[in-house]
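Take a look at the structure below.
The values are calculated or read from the model by the stated rules, or taken from the named source; none is laboratory data. Nothing here was measured: the structure is a model prediction, and the numbers come from that model. Using ideal geometry, Cβ is built from the backbone for each residue, glycine included, and neighbour counts are taken over all protein chains shown. Surface accessibility is based on the protein's heavy atoms, side chains included, excluding ligands, DNA and RNA. Shrake-Rupley method; radii C 1.70, N 1.55, O 1.52, S 1.80 Å.
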Amino acid sequence: MPVCSLVSEDDSHKPIQLHHQQSVTLGRGPETKIKDKKCSREQVELRADCNRGFITVKQLGVNPTNVDNVVVGKGNQVTVKPGQRLYMVNQQYPYRVRFTEDTSTPRSAAELSKPSKRAHRMSSEGNAEKIKSPANTASDHHKMSDDSPPPKKIPPSGSDKSESAGHWSQGLKVSMQDPKMQVYKDDRVVVIKDKYPKARYHWLVLPWDSISSLKALRSEHVELLKHMQRVGDQMLQQCPDAHKLRFRLGYHAIPSMSHVHLHVISQDFDSPCLKNKKHWNSFTTDYFVESQDVIAMLEHDGKVTVKEGTSESLKLPLRCHLCRKEQPTIPKLKEHLKTHLPS
DNA sequence: GTTCTAGAAC
DNA sequence: GTTCTAGAAC
């Protein structure tokens, strides 16, 4: 898992380590060397999500904390990603967040063996059910302690093939009902592995309720979407590689497949199924809308709007999502991505 | 969403 | 000549 540090941009003190999912309160004091009385001793509460590469910032003090040019506001919470600037108070004391790969601490044998013990079911919700199935393709090869016969292909039982039901765009509705595809389910959602994963880990979280697309979402769906995101986060908790890979959770602005689905995808993009520009840009441009942004939009506006011209994002030049370097072709891009893979 | 392939790009 | 893309068909 990457390590997060909060870096003072005017270099007034050493970077402050933020540990994954541990809240830290900062403000006027020795750690920041801020002596400004406008800055509360408890100005902000910070919490890093190292898997997903952002921190949340809650303003506790009365005077404004800013992210770029926007005031957070007392009691409010926002996220800060690399590239954004956090000002502790009054547009002063600039900070950046930085995520670096943790190469210093090799994992213990105990930690390594932990993820393969899949016996413990997913924790939080009572009626959740972790289905006995390897969670990913990448480690299956070495991990398969499988005593069951290889999965057989059973044709979909619904033989009443009305034209729309059999259409390729309805494929997710079929897959999500197939117990062999299900990796997790509870009373509200089901998780399946993407049939054509675009990275080492690529899951889809789908609600049982049929919601055709982002356009159909309303305020009443906020809780469901929050649950989908929680379930997506839980997938990372049981993912054996979550410590060394970054993940993003989000929706395609204009998906091809019907039925709302949350992508949970590792950021290695190391997959033979990633074949063309559309694949690439759908996960690395504005076409990919963060789960938290969808939820925020829904809470704020009661609906989700997609910026006009978002479909044009699919035609953008191939650009590395990590170093922003442009690549001429898909094969060259894939070659380039190898340079960013964790060792 | 994928597969297939003509023809552009090299 | 081969590689790669983009659009049609499914």
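The set of residues in the range A:52-68 being under 18 Å from the mean Cα position of the chain (by Cα) and assigned to a loop (DSSP other than H, G, I, E, B) consists of A:R52, A:G53. If we scan the range A:165-178, do we find a residue that is touching a residue at least 40 places away in the same chain (Cβ under 8 Å), closer than 30 Å to A:L341 by Cβ, more than 13 Å from DNA strand B (Cβ to nearest atom) and assigned by TED's automatic domain parsing to the domain that holds A:M257? No, every residue in the range A:165-178 fails to be touching a residue at least 40 places away in the same chain (Cβ under 8 Å), closer than 30 Å to A:L341 by Cβ, more than 13 Å from DNA strand B (Cβ to nearest atom) and assigned by TED's automatic domain parsing to the domain that holds A:M257.
Of the set (1) over 20 Å from A:H336 (Cβ atoms); (2) within 14 Å of the chain's Cα centre (by Cα), all apply to A:H259 but (2). What single numbered condition from (1) out of contact with any Ser or Thr (no Cβ under 9 Å at 6 or more places or on another chain); (2) at pLDDT 95 or above fails to hold for A:L298? Of the numbered conditions (1) out of contact with any Ser or Thr (no Cβ under 9 Å at 6 or more places or on another chain); (2) at pLDDT 95 or above, the odd one out for A:L298 is (1). All of (1) open to solvent by less than 20 Å² (accessible area, probe 1.4 Å); (2) touching a residue at least 40 places away in the same chain (Cβ under 8 Å); (3) within 12 Å of DNA strand C (Cβ to nearest atom) hold for A:N281 with one exception: (2). As for the range A:225-235, it holds at least one residue that is modelled with pLDDT of 95 or more and over 25 Å from A:P2 (Cβ atoms).
As a summary of the residue check, A:K35 satisfies the conditions (1) basic (K, R); (2) in contact (Cβ under 8 Å) with a residue 12 or more places away in the chain; (3) surrounded by fewer than 14 Cβ atoms within 10 Å (Cβ to Cβ) except for the one numbered (2).
If you go through the range A:241-273 and keep only what is within 16 Å of DNA strand C (Cβ to nearest atom) and within 21 Å of A:V191 (Cα to Cα), you end up with A:I254, A:P255, A:S256, A:M257, A:S258, A:F269, A:S271, A:C273. Taking into account only those residues within the range A:1-41 that are among the aliphatic types (A, V, I, L, M) and not in a loop (DSSP other than H, G, I, E, B), which is nearest to the chain's Cα centre (by Cα)? If we take residues in the range A:1-41 being among the aliphatic types (A, V, I, L, M) and not in a loop (DSSP other than H, G, I, E, B), then A:V3 is nearest to the chain's Cα centre (by Cα). Put simply, of A:S311, A:S271, A:S282 the only residue that is modelled with pLDDT of 95 or more, within 16 Å of DNA strand B (Cβ to nearest atom) and over 16 Å from A:H202 (Cβ atoms) is A:S311. For the range A:285-305, a tally of residues being open to solvent by less than 50 Å² (accessible area, probe 1.4 Å), closer than 14 Å to A:K215 by Cα and more than 16 Å from DNA strand B (Cβ to nearest atom) returns 5.
For the condition within 20 Å of A:G83 (Cα to Cα) and assigned by TED's automatic domain parsing to the domain that holds A:V67, A:S8 qualifies.
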